[in-house]
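This report concerns only the one structure given below.
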Amino acid sequence: MEANRQPITPANAWREHASEYERGFIDGMQKQAQSSVDKAVNAMCKREWVGLTDEEIRVCIASNKYAFEIVRAIEAKLKQKNFKE
């Protein structure tokens with residue numbers, strides 16, 4: 001079992017003084033958290049990007065006088081279309 005020991009770093013120094021139960025508990029919590037993050041990232045990657053229609057672009061341009069505002073309006077519309085739950 002000594003062959004599998006990792007070098008002690010500030011991030012894992014607590015393991016030296018923790019019981020086997022505590023190490024198992026923390027390892028399990030970390031694995032569960034990583035699994036949740038992996039699921040969320042995979043779900044986001046599977047979504048198809050939704051672009052703007054010509055009419056939506058015309059509406060964004062018509063309602064704004066300046067290029068910066070046009071870009072922000074288009075960005076807001078894309079966020080609305082792609083991040084709705």
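Just the residues that are aliphatic (A, V, I, L, M) and either touching a Leu at 6+ places or on another chain (Cβ under 9 Å) or not in a helix (DSSP H, G or I) (or both), please, taken from segment 45-85.
Selection gives VAL50, LEU52, ILE74, LEU78.
For segment 16-32, indicate whether the set of residues that are in a helix (DSSP H, G or I), farther than 19 Å from LYS81 by Cα and polar (S, T, N, Q) is non-empty. Walk me through how you get there before you give the answer.
To start, the set of residues in segment 16-32 that are in a helix (DSSP H, G or I) comprises 16, 20-32.
Checking the rest, the ones that are also farther than 19 Å from LYS81 by Cα come to 16, 20-32.
Still in the list and also polar (S, T, N, Q): 30, 32.
Scanning segment 16-32, I find at least one residue that is in a helix (DSSP H, G or I), farther than 19 Å from LYS81 by Cα and polar (S, T, N, Q), so the answer is yes.
Where a number appears in this text, it was derived from the coordinates with a stated rule and is not lab data. Only a predicted model underlies this, so the values are computations on that prediction, with no experimental measurement involved. Methodologically, a virtual Cβ is constructed for each residue, glycine included, from the backbone with ideal geometry; neighbour enumeration extends over all protein chains shown.
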